[in-house]
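What follows is a single structure, written as structure tokens, with notes after it.
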Amino acid sequence: MRKILAVDDNRINLELLAQLVKIYYPEFKFIRAETGEEGILEAVEENPDLILLDIMMPGMDGYETCKFLKSQNKTKQIPIIMISALGRDSAERSKGLNAGADSFISKPFDQVELKAQINVALRIKNYQEKLKKLNAEITLVEERERRRIAENLHDSLGQTLSLAFMHLSSISLDECPAQAKKTIQFTSKLLNKSIEESRALTYDLSPPILYELGLIPAIKWKLEQFEKEYGIKAILIAENDNKHLLKDHKIFLYRIIGELLSNINKHANASHVEVKLFIKDKQFFITVEDNGIGIDKVNIKPASADGGYGLLSIMERIESMNGTFKIEPTNNGTVAEMEVPLNN
Ligand SMILES: Nc1ncnc2c1ncn2[C@@H]1O[C@H](COP(=O)(O)OP(=O)(O)O)[C@@H](O)[C@H]1O
Ligand SMILES: [Mg+2]
């Protein structure tokens, strides 16, 4: 059900907004809160599609309430329209927008204007939700396609190469002229190399371990590869099994760890990385810590055609799993921490 939350210490204003919602947005449930604190509780509890927020309230005022809501993972994507008698003052409007409000409208409000603002906010929210779903869907489609190619590669090309190798090996070399013997040996070597390469490609596309044995063995394998390829010591500490994770979540987490490792290789200049997985209080925790230069969060370039979508897409995916993600510099490196609720 779609919902609109109004936070105002004045009951008459709340009543007015309730009527307006009832008339123009009959499919929405109207939720009211009379203080900022109560508004925050309702926002967390009800996850409304939109918040209408008064500024001057006893206790937590509208600015503080807005800042708080926009700082929390659970509520930050909810659009907030501030409605205030201070709205005519441009400094106050800026203050509201800087606190994270999505728009500002002055009191006493014009119904037509408020309705138009609500429509804009809901439209944007709607796009955002679609974009999020699309993003998650793209990852899964990509994964299915990778798996399909990997299986094909393994079943057709891999098998054919193995068969060719076996046939060649069955030739008794002693009876061959020297030149033929040389060619056979050389071709055998090439075939062997192709078999290895096609296997590596299969694993790279979609590691069978992830599907057959689960997330932890797959990460263990990934870390071994990472250490071999880049010479960065990689350690896995995993306390519990992960059988309570959804299949889609396993894939997401596997790819996220892959992206974090690739960042460490590209940006961190580290010699050591440690990945920890553990379960506590029905939550699945993962930390990825390196001993590199430390992430400089102030100077991260905004995402552009040259990249910079890695962390962004990690956050999106974790959000779609109702989890949390954080990446911070440490005393000697960087740590990424994520937390995903388990499915029981
Ligand atoms: N482990 C790390 N150590 C230091 N800097 C990092 C680390 N991970 C990410 N960064 C910084 O964060 C930026 C954003 O990362 P990301 O979103 O994955 O984009 P990209 O890898 O395409 O640059 C990187 O450009 C880099 O400056
Ligand atoms: Mg990256």
Measure off 7 Å from each Cα along the Cα-to-Cβ vector at Asn135 and Lys301, then give the distance between these two points in nanometres to one decimal.
2.0 nm
For the stretch 153-170, Karplus couplings with θ = phi - 60° (6.51, -1.76, 1.60), whole Hz, Gly/Pro x
4, 5, 6, 9, 4, x, 5, 4, 4, 4, 5, 4, 5, 5, 4, 5, 5, 6
Could you tell me which of Thr202, Ser162, Phe186 has its Cα farthest along the dipole of the stretch 142-205 towards the positive end, charges placed at Cβ (Lys, Arg +1; Asp, Glu -1), taken about the Cα centre?
Phe186
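With a 10 Å Cβ neighbour count serving as the proxy for reagent exposure, in which order, fewest first, do Thr139, Thr187 appear? Could you put the intermediate results ahead of the total?
Details: Thr139 19, Thr187 13.
In order of increasing Cβ crowding within 10 Å: Thr187, Thr139.
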Per DSSP, the loop-located GluC sites (Glu not before Pro) within the stretch 1-86 having at most 13 other beta carbons within 10 Å are Glu27
With a cap of 16 neighbouring Cβ atoms within 10 Å, and only residues DSSP puts in a loop, list the trypsin sites (Lys or Arg not before Pro) found in the stretch 6-102.
Lys74, Lys76
Taking 0.36 nm per intervening residue step and subtracting the Cα-Cα distance, what contour gain separates Lys76 from Asp281 on full extension?
71.4 nm
Have a look at the stretch 208-341 and give its Rg and Dmax from the Cα atoms, expressed in angstrom.
14.3, 41
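Beyond 21 Å, what share of the Cα-Cα pairs of the stretch 94-213 is found? Please give it as a whole percent.
Details: 4736 of 7140 pairs.
In whole percent, the share of Cα-Cα pairs in the stretch 94-213 beyond 21 Å is 66.
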Check cross-link reach from Lys233 to the lysines: straight Cα distance under 30 Å, and skip same-chain residues fewer than eight apart.
Lys193, Lys220, Lys222, Lys243, Lys247, Lys250, Lys266, Lys276, Lys280, Lys297, Lys301, Lys326
Between His267 and Leu190, what is the label-to-label distance in nm when each label sits 7 Å out along the Cα-to-Cβ direction?
4.3 nm
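For the pair Glu316 and Ser170, what calculated FRET efficiency results from E = 1/(1 + (r/R0)^6), where r is the Cβ-Cβ distance and R0 = 56 Å, to the nearest 0.05? Don't skip to the answer; put the middle values down first.
On the way: r = 54 Å, r/R0 = 0.96.
In this case the efficiency is close to 0.55.
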What would the Debye formula give as log10 I(q)/I(0) at q = 0.22 Å⁻¹ for the alpha-carbon point model of the stretch 13-65, no solvent?
-0.85
Cα long-axis angle, helix 11-24 against the chain (0 to 90 degrees, to the nearest 10)
60 degrees
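Under unit Cβ charges (Lys, Arg +1; Asp, Glu -1), what dipole magnitude, rounded to 20 debye, does the chain have relative to its Cα centre? Mind showing how you got there, number by number?
Details: 45 positive and 50 negative charges, 144 e Å.
Dipole of the chain, to the nearest 20 debye: 700 debye.
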On Cα atoms only, tilt of 215-230 relative to the major axis of the chain in degrees
70 degrees
Given 20 °C, 1.002 mPa s and a Kirkwood radius over Cα pairs, the Stokes-Einstein diffusion coefficient of the chain in µm²/s is 88 µm²/s
Counting only residues 5 or more places away or on other chains, whose amide H sits under 5 Å from the amide H of Thr330 once H atoms are built in the peptide plane?
Ile295, Val335
Could you name the lysines whose alpha carbon sits less than 16 Å from that of Lys125, not counting residues in the same chain fewer than 8 places away?
Lys3, Lys70, Lys74, Lys76, Lys115, Lys133
With axes computed from alpha carbons, what is the tilt in degrees of helix 36-46 against the longest principal axis of the chain, rounded to the nearest 10 within 0 to 90?
40 degrees
Using label points projected 7 Å from each Cα along Cα→Cβ, tell me how many nm separate Arg11 and Asp89, to one decimal.
2.8 nm
Residues Ile31, Ile80 arranged by fewest to most Cβ contacts within 10 Å
Ile31, Ile80
Please give the contour-minus-distance gain from Ala178 to Lys220: 0.36 nm per residue of separation, less the Cα-Cα distance, rounded to one decimal in nm.
10.5 nm
Lysines near Lys189 by alpha-carbon distance under 25 Å, same-chain residues fewer than 8 away left out - which ones?
Lys181, Lys228
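No lab work stands behind these numbers, since they all come straight from the coordinates. Since this is a predicted model, take the numbers as computed values, not measurements. Methodologically, a virtual Cβ is constructed for each residue, glycine included, from the backbone with ideal geometry; neighbour enumeration extends over all protein chains shown.
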